[in-house]
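Working notes, structure below.
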Amino acid sequence: MTVHPLPQPGALTLARANADFLDRFRAQAHTHRAYTQTLTVLAGAAVGGPHAPVAAAFTPQAAAAAMARWESAAPATWNKHLAALRSFAAYCARRQVLEEDPTRLLERRKEPRRGDKAIPRDRLEALFADPTVGLREKVLWRMLYETAARAEEILTLDVGDLDAAMRRARVRSKGGAIEYVHWATPTARILPRLLAQRTTGPVFLSDRRSAASGARARALADVDPATGRGRLSYPRAEYLFKQTSKKHDPHRNGWTLHQLRHSALKHLAAEGRSAPELQAKSRHAHLVTLGKYVRLGEETSARITAEHDPHQRR
């Protein structure tokens, strides 16, 4: 027989704490989505279910059961979800509904040092010039590379956020601040063709009309009023980029949208741009986080080797 404690009158339930915690990140779509995934698994593993009091539901056993969902995942994935649980535990402790951290018995995993994720410039140019790529994807990929912005920031752009005369756009950054990103001539040449004189709605639209009602209906801000098409989602944009880039990737794995940002900063660093200049371009809050971009990679190594090859034909 299993005994489940009944919620005490006035006690904060796990479901209520989850909702309150996630509400703090409503303006940070990427963080909100990641935390929601972790806390949904926790709710399923909670002792007594999500409607039990936090202290009774969020136990070390529940935390371990939730993390078992990512037992075979990569160390970075494990650490991401563990960090989410610890952040939620700290929030509950501040609200005085937890006395000890339920994740205290779980340990972070050592992440292997990542190799150079920058895409060589000539392969990027071949991808951008691929005649099989549609206009929407060409604008999106060019803009991501030239602005060195996060994919979430560009995909959430509305037409009203664009300043075509100054070749810039107003974005909401990772921390919620309003900032500007700037693009170059290649994007400026093809962006008007994508907009087709639209003055409202999302910049990047999906291929289909958005559902008008039901669970799949989108918020009005994510629908173009003229065509009824919804905003292009991150998973769909990522899938299209990875599938198309497979034929340009010699390993046939395809690339990710984040690699466009990484490549842009690596290429600028290879051209001699300083760390403060890279910080201005990337809008990182701290210079220390730019270390992986200032540390030059494969493309620079190949160039140095070729320049110092004594048998190279001149």
Consider Arg252 carefully, then state whether it is modelled with pLDDT of 75 or more and surrounded by fewer than 16 Cβ atoms within 10 Å (Cβ to Cβ). yes
Tell me, which helices (runs of 4 or more DSSP H) lie completely within region 6-70 with 2 or more residues that are open to solvent by 50 Å² or more (accessible area, probe 1.4 Å)? 14-23, 29-45, 60-67
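For region 109-161, give me the residue count where each residue is part of a loop (DSSP other than H, G, I, E, B), of a type in the set (Val, Ile, Thr) and within 30 Å of Pro225 (Cα to Cα). Let's see the steps before the verdict.
We begin by selecting, within region 109-161, every residue part of a loop (DSSP other than H, G, I, E, B); these are 109-120, 129-134, 148-150, 156-157.
Adding the requirement that they be of a type in the set (Val, Ile, Thr) leaves 119, 132-133, 156.
Pick out the ones that are also within 30 Å of Pro225 (Cα to Cα) and you get 132-133, 156.
Within region 109-161, residues that are part of a loop (DSSP other than H, G, I, E, B), of a type in the set (Val, Ile, Thr) and within 30 Å of Pro225 (Cα to Cα) number 3.
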Just need a number here: residues in region 228-258 that are out of contact with any Leu (no Cβ under 8 Å at 6 or more places or on another chain) and charged (D, E, K, R). 6
Suppose we filter region 197-229 for residues that are open to solvent by 70 Å² or more (accessible area, probe 1.4 Å), more than 15 Å from Gly160 (Cβ to Cβ) and part of a loop (DSSP other than H, G, I, E, B); how many remain? 5
Which residue is least open to solvent (accessible area, probe 1.4 Å), if the candidates are limited to region 286-300 and must be over 18 Å from His258 (Cα atoms) and at pLDDT 75 or above? Leu287
Suppose we keep only residues that are among the polar types (S, T, N, Q) and buried (at least 16 other Cβ atoms within 10 Å of the Cβ) within region 110-167. Which one would you say is nearest to the chain's Cα centre (by Cα)? Thr156
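The values are calculated or read from the model by the stated rules, or taken from the named source; none is laboratory data. On a predicted model such as this, the values are computed, not experimentally measured, just so you know. Don't worry about glycine lacking a Cβ; one is built from the backbone with ideal geometry, like all the others, and counts go over all protein chains shown. What goes into the accessible areas is simple: the full protein's heavy atoms, side chains included, and nothing from ligands, DNA or RNA. Shrake-Rupley method; radii C 1.70, N 1.55, O 1.52, S 1.80 Å.
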